[in-house]
1. Filter region 142-177 down to residues that are open to solvent by 50 Å² or more (accessible area, probe 1.4 Å), closer than 22 Å to Tyr112 by Cβ and of a type outside the set (S, T, N, Q), then give me how many there are.
2. So which residues in region 147-201 are among the basic types (Lys, Arg) and either touching a residue at least 60 places away in the same chain (Cβ under 8 Å) or over 24 Å from Val123 (Cβ atoms) (or both), if there are any at all?
3. Restricting to region 79-109, count the residues that are open to solvent by less than 20 Å² (accessible area, probe 1.4 Å), among the hydroxyl-bearing types (Ser, Thr, Tyr) and closer than 22 Å to Gly135 by Cα.
4. Could you tell me which residue of region 27-55 is nearest to the chain's Cα centre (by Cα), considering only residues that are surrounded by 15 or more Cβ atoms within 10 Å (Cβ to Cβ) and outside any helix (DSSP H, G or I)?
5. What is the one condition in (1) under 23 Å from the mean Cα position of the chain (by Cα); (2) at pLDDT 95 or above; (3) open to solvent by less than 100 Å² (accessible area, probe 1.4 Å) that Asn198 does not satisfy?
Amino acid sequence: GLAYYRHKDFKNATDAFNRTLKMNPKNYLAWFLKGNSLYSQALYEKADLAYDKALFYNDSYEKAWNMRGMIYLYAGNIAEAINAFSNATENADLFGRAWYNKGRALYCSGDYDQANESFNEAVNRGYLQAWNYIGLISYYSGNYSIAAKFYDYYLTNDSGNEINNAIVWFNQGMAYYKLNDKKNACEKFHKACSMNNNNACKMLLMNCVEKK
């Protein structure tokens, strides 16, 4: 199962974990990995049942709580997501990803103060992608210069993949745009546009390209 899982062959991984569980149905890690394999096939209801089994045999397993939270978050069950992520952080205080995900759920609920606290907890535990959301909260609070600084923290640490980085370059451009700093705004929009961020390309065209 692990070999299939590591090679992203999730269907065969699921079958192998099923065989493992027939021999040892109390193996919470096999239930968890089966859940991940099902999640990776977009079989979210079945994945949730597998995570439920993992937690039945080990109710403090933070990674299972985190993945349940992900399912609830993407299904729009924000309260359940917050509860699941809270369980993850309570059982593994140093699990930065769970703090980050809890912050995302709180952000979706509109509780920006609590979200900001969770994102800062994530950063303190080394999960640096949270700087983007900390920047967003500052931006929507009208603190544009502070938002630009937080976006810099994210980009300096190269916290995400190219798509996420392009979004942050765009967000930083918007912060400078709000500060009427055209030079920096256009520089950030150009960077994001070069990474195929359409919103940045539109801002670049509207504000940074001289019209003949």
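1. Initial filter on region 142-177 (open to solvent by 50 Å² or more (accessible area, probe 1.4 Å)): 143-146, 149, 152-153, 156-158, 161-164, 167, 169, 177.
Filter once more, keeping what is closer than 22 Å to Tyr112 by Cβ: 143-146, 149, 152-153, 164, 167, 177.
Retained after the next criterion (residues that are of a type outside the set (S, T, N, Q)): 144, 146, 149, 152-153, 167, 177.
Looking only at that region, the number is 7.
2. Applying the first criterion (among the basic types (Lys, Arg)) to region 147-201 yields 149, 178, 182-183, 188, 191.
Lys182, Lys183, listed by residue number.
3. Adding up the residues that qualify gives 0.
4. Filtering first and then ranking leaves Leu43.
5. Only one criterion in (1) under 23 Å from the mean Cα position of the chain (by Cα); (2) at pLDDT 95 or above; (3) open to solvent by less than 100 Å² (accessible area, probe 1.4 Å) is unmet by Asn198, namely (3).
The values are calculated or read from the model by the stated rules, or taken from the named source; none is laboratory data. Predicted model, so just to flag it, every value in this text is computed and none were measured. A quick note on method: Cβ atoms are made from the backbone with ideal geometry, for glycine too, and the neighbour counts reach across all protein chains shown. We work out accessible area using only protein heavy atoms, side chains counted, and drop any ligands, DNA or RNA first. Shrake-Rupley method; radii C 1.70, N 1.55, O 1.52, S 1.80 Å.
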